[in-house]
Amino acid sequence: MKRPPPPPSCHPLSDPDFKRLKASRPRLWTDPKKSCLTCLKREGLQNAQTYRWYAADPATGRRTDEITTYECNCQQQWLMHLWFLNAGIPLNYQRLGWDDVQSVPADIVTQVMDYALQAARNIAAGRNLVLWSKNPGTGKTLLLALLSKFLMANGWQVHFAQFNEVIDLFTSSWRDKDEREQWTRRVRNVDVLAIDDWGKEHKGRIEMVESMVDQIVRSRVGDAAPTIFTTNYTPQEIQEGYGVYAMSLLTEAADFIEIGGSDFRPARRELSRQEAELGLARPITAV
């Protein structure tokens, strides 16, 4: 059996982006002819280009309980891996899909999907989205990653980052011209900025963070460019943080979705153990 091909919007990286990834990631997967993160082939060690995973329902595309053997298109898996990685989406989330959103109540998933299905209108209007919960492990980051992948698959440029990573890029941009260009391209000018764990920064950096948030919010709100973020803050706490004026700009054109449900991580650990015992391999997927 074969997996669906990557979406048409998935394209090879530019030379500068590939060199930047390679410089920052010594273990970067660089040659799909010699190795593969999905079928686990290794030059001179394992040549079989197949893997076992669950079959998909032909009518709906949803995962079934039937396990089947897939032919691995290592080149396509590699292209998608670099494409997502360049957008900031880590490997673990590259392998997860909407079928993995099991602990989040269905009505909440529907709200997030509604934003995705109305993406053209929401992005044109600069409509922000806040996924919040006071509790850890409810699926905020997973939903943010899936939404980011959905938007990328439909042709929009997305930058996904931890809040602290955005801060680090901001401070690097003070010293280095190339980093300033990265800041402008990835944070200020990207179609959709996806920030995970907004508000989870070192307390000693608060004044600098307020300056950064002010720059992000003013530039993106002024350009009607949406920002989607997760946070453990309530809507009221968000509006009171980082300068009232900047946050009021951000939130006046925002939808707030409280991500309820239980901590899914214990169940996720058990599922990962079961998959390993069955000899299954999760492919990199855009859906």
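The values are calculated or read from the model by the stated rules, or taken from the named source; none is laboratory data. The structure presented is a predicted model; accordingly, all values stated were derived computationally and were not measured. For neighbour counting, all protein chains shown are included, and Cβ atoms are generated from backbone atoms with ideal geometry for every residue, glycine included. These accessible areas exclude ligands, DNA and RNA; they are computed on the full protein's heavy atoms, side chains included. Shrake-Rupley method; radii C 1.70, N 1.55, O 1.52, S 1.80 Å.
Observations
- In the chain, the DSSP-assigned H stretches of four residues or longer account for a calculated mean residue ellipticity at 222 nm of -12500 deg cm²/dmol, using -39500 (n - 2.57) per stretch and the full residue count as denominator.
- Gaussian network model of the chain, springs between alpha carbon atoms under 10 Å - residue of Ser35, Ser24, Ser172 with greatest fluctuation: Ser24
- Pairs over the 30 Å Cα-Cα cut-off, from the set Lys134/Lys177; Lys19/Lys134; Lys34/Lys149; Lys41/Lys140: Lys134/Lys177; Lys19/Lys134; Lys41/Lys140.
- In the stretch 73-200, inverting the average of 1/r over every pair of distinct C-alpha atoms gives 15.7 Å as the Kirkwood radius.
- In the stretch 4-53, Cα pairs under 8 Å separated by at least six residues give a relative contact order of 16 percent.
- Extended-chain gain in nm, criterion 0.36 nm per residue less alpha-carbon gap, Leu28 and Met113: 27.4 nm
- Accessible surface of the stretch 71-114, 1.4 Å probe: 49 percent of it comes from carbon and sulfur atoms.
- Burial order of peptide ranges 7-15, 93-101 (average beta-carbon count within 10 Å, highest first): 93-101, 7-15
- Normalised radius of gyration (Cα atoms, divided by 2.2 N^0.38 Å) for the stretch 1-137: 1.25.
- FRET efficiency, Tyr245 to Ser9 (Cβ-Cβ, R0 51 Å, nearest 0.05): 0.90
- Label zone at Ala48, where the point sits 7 Å out along the Cα-to-Cβ direction: the stretch 69-103 residues whose backbone N lies under 20 Å: 69-75, 77
- Simple label model, 7 Å out from Cα along Cβ direction - Thr184 to Asn154, nm: 3.0
- GluC sites (Glu not before Pro), loop per DSSP, at most 11 other Cβ atoms within 10 Å - longest free stretch of the chain: 44-251
- Here the accessible area of the stretch 228-273 is 53 percent carbon and sulfur, with a 1.4 angstrom probe and all protein chains present.
- All Cα-Cα separations within the stretch 59-112 were binned at 5 Å from zero, giving a P(r) of 4, 13, 17, 20, 22, 15, 8, 1, each value a whole percent of the pairs.
- When Rg and Dmax are taken over the Cα atoms of the chain, they come to 19.6, 60 Å.
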